[in-house]
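Worksheet for the structure shown next.
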Ligand code: FES
(Lines give C-alpha, C1' and ligand atoms only; values in the text may rest on other atoms or scores of the structure.)
Protein backbone atom coordinates (compact mmCIF):
# COMPACT_ATOMS: atom_id res chain seq x y z
CA UNK A 1 0.00 0.00 0.00
CA UNK A 2 1.36 3.41 -0.98
CA UNK A 3 0.78 6.71 0.73
CA UNK A 4 -2.26 8.71 -0.41
CA UNK A 5 -1.94 12.05 -2.22
CA UNK A 6 -3.38 13.73 0.86
CA UNK A 7 -0.79 12.19 3.16
CA UNK A 8 2.04 13.19 0.83
CA UNK A 9 0.66 16.72 0.70
CA UNK A 10 0.63 17.01 4.51
CA UNK A 11 4.19 15.67 4.56
CA UNK A 12 5.48 18.02 1.86
CA UNK A 13 3.46 21.07 3.01
CA UNK A 14 2.90 20.50 6.71
CA UNK A 15 0.30 22.81 8.29
CA UNK A 16 0.49 24.19 11.82
CA UNK A 17 4.27 23.85 12.18
CA UNK A 18 5.94 25.94 14.88
CA UNK A 19 5.70 26.86 18.53
CA UNK A 20 3.22 28.90 20.57
CA UNK A 21 5.25 31.09 22.94
CA UNK A 22 2.34 31.69 25.33
CA UNK A 23 0.89 28.19 25.07
CA UNK A 24 -1.29 26.91 27.94
CA UNK A 25 0.21 23.41 27.62
CA UNK A 26 3.08 21.68 25.86
CA UNK A 27 3.65 17.95 25.46
CA UNK A 28 6.51 15.99 24.02
CA UNK A 29 6.08 12.33 23.16
CA UNK A 30 8.29 9.79 21.48
CA UNK A 31 7.45 6.64 19.62
CA UNK A 32 8.76 3.59 21.47
CA UNK A 33 9.01 1.66 18.18
CA UNK A 34 11.36 4.02 16.31
CA UNK A 35 12.28 6.89 18.67
CA UNK A 36 10.61 9.58 16.55
CA UNK A 37 9.47 12.64 18.48
CA UNK A 38 6.53 15.05 18.36
CA UNK A 39 6.11 18.21 20.41
CA UNK A 40 2.68 19.86 20.61
CA UNK A 41 1.66 23.32 21.87
CA UNK A 42 -1.96 24.33 22.56
CA UNK A 43 -3.93 27.35 23.69
CA UNK A 44 -7.23 26.50 25.34
CA UNK A 45 -9.98 28.89 26.25
CA UNK A 46 -13.27 27.98 27.90
CA UNK A 47 -12.89 24.29 27.03
CA UNK A 48 -12.10 24.92 23.38
CA UNK A 49 -8.73 24.67 21.63
CA UNK A 50 -8.00 28.10 20.18
CA UNK A 51 -4.64 27.31 18.60
CA UNK A 52 -2.26 24.38 18.15
CA UNK A 53 1.19 24.01 16.66
CA UNK A 54 3.64 21.13 16.42
CA UNK A 55 7.20 20.19 15.66
CA UNK A 56 8.17 16.64 14.80
CA UNK A 57 11.23 14.67 14.01
CA UNK A 58 10.23 11.56 12.19
CA UNK A 59 9.26 9.71 9.06
CA UNK A 60 6.93 11.07 6.40
CA UNK A 61 3.90 9.35 7.97
CA UNK A 62 4.76 10.84 11.36
CA UNK A 63 5.07 14.37 9.95
CA UNK A 64 1.84 14.09 7.95
CA UNK A 65 -0.24 12.59 10.77
CA UNK A 66 1.18 15.09 13.29
CA UNK A 67 0.33 18.00 11.00
CA UNK A 68 -3.15 16.73 10.19
CA UNK A 69 -3.96 15.99 13.83
CA UNK A 70 -2.72 19.42 14.96
CA UNK A 71 -4.87 21.13 12.35
CA UNK A 72 -7.88 19.06 13.45
CA UNK A 73 -7.49 20.31 17.01
CA UNK A 74 -8.00 23.99 16.24
CA UNK A 75 -11.51 24.99 17.18
CA UNK A 76 -12.33 21.62 18.74
CA UNK A 77 -13.67 21.17 22.26
CA UNK A 78 -11.19 19.51 24.65
CA UNK A 79 -13.61 16.66 25.41
CA UNK A 80 -13.98 15.92 21.71
CA UNK A 81 -10.23 16.17 21.03
CA UNK A 82 -9.51 13.62 23.76
CA UNK A 83 -11.50 11.07 21.79
CA UNK A 84 -9.34 11.35 18.65
CA UNK A 85 -7.82 7.96 17.87
CA UNK A 86 -4.80 6.99 15.82
CA UNK A 87 -7.10 5.10 13.44
CA UNK A 88 -9.19 8.21 12.87
CA UNK A 89 -6.07 10.21 11.98
CA UNK A 90 -4.70 7.49 9.70
CA UNK A 91 -8.05 6.97 7.97
CA UNK A 92 -8.48 10.70 7.33
CA UNK A 93 -5.19 10.59 5.43
CA UNK A 94 -6.24 7.65 3.27
CA UNK A 95 -4.90 4.93 5.56
CA UNK A 96 -1.36 3.81 6.33
CA UNK A 97 0.56 0.73 5.22
CA UNK A 98 0.54 -1.92 7.99
CA UNK A 99 4.20 -1.29 8.77
CA UNK A 100 3.48 2.42 9.36
CA UNK A 101 0.40 2.17 11.60
CA UNK A 102 2.56 2.88 14.65
CA UNK A 103 3.50 6.29 13.16
CA UNK A 104 0.02 7.74 13.81
CA UNK A 105 0.34 6.84 17.50
CA UNK A 106 2.69 9.79 18.00
CA UNK A 107 -0.04 12.34 17.25
CA UNK A 108 -2.79 10.61 19.24
CA UNK A 109 -0.43 10.22 22.23
CA UNK A 110 0.64 13.88 22.03
CA UNK A 111 -3.00 15.03 22.00
CA UNK A 112 -3.87 12.97 25.08
CA UNK A 113 -0.74 14.19 26.87
CA UNK A 114 -1.16 17.90 26.08
CA UNK A 115 -4.82 17.89 27.18
CA UNK A 116 -4.19 16.11 30.49
CA UNK A 117 -4.52 19.24 32.61
CA UNK A 118 -7.79 20.54 31.11
FE1 LIG B 1 8.90 6.53 13.43
FE2 LIG B 1 7.14 6.56 11.54
S3 LIG B 1 8.96 5.41 11.59
S4 LIG B 1 7.00 7.46 13.47
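The values are calculated or read from the model by the stated rules, or taken from the named source; none is laboratory data. Worth saying up front: this structure is predicted, and the values here are computed from it rather than measured. So basically every Cβ, Gly included, is an ideal-geometry build from the backbone, and we count neighbours across all protein chains shown.
Residues in the stretch 1-23 that are touching a residue at least 40 places away in the same chain (Cβ under 8 Å) and part of a loop (DSSP other than H, G, I, E, B) were compared, and the one that is nearest to the ligand (Cβ to nearest atom) is 3. Among the residues of the stretch 8-26, is there at least one that is within 14 Å of residue 110 (Cα to Cα) and within 14 Å of the chain's Cα centre (by Cα)? Scanning the stretch 8-26, I find at least one residue that is within 14 Å of residue 110 (Cα to Cα) and within 14 Å of the chain's Cα centre (by Cα), so the answer is yes.
Anything in the stretch 78-98 that is surrounded by 19 or more Cβ atoms within 10 Å (Cβ to Cβ) and either without any contact (Cβ under 8 Å) to a residue 24 or more places away in the chain or not in a loop (DSSP other than H, G, I, E, B) (or both)? List them, or say none. Before the answer, list the steps.
Residues of the stretch 78-98 that are surrounded by 19 or more Cβ atoms within 10 Å (Cβ to Cβ), as a first pass: 81, 84, 86, 89-90, 93, 96.
81, 86, 89, 90, listed by residue number.
Is it the case that some residue within the stretch 54-77 is over 14 Å from the mean Cα position of the chain (by Cα) and assigned to a helix (DSSP H, G or I)? So far as the stretch 54-77 goes, no, none of its residues is over 14 Å from the mean Cα position of the chain (by Cα) and assigned to a helix (DSSP H, G or I).
I'd like to check something: does the stretch 44-58 contain any residue that is crowded, with 18+ Cβ neighbours inside 10 Å and at pLDDT below 95? Yes, because at least one residue in the stretch 44-58 is crowded, with 18+ Cβ neighbours inside 10 Å and at pLDDT below 95.
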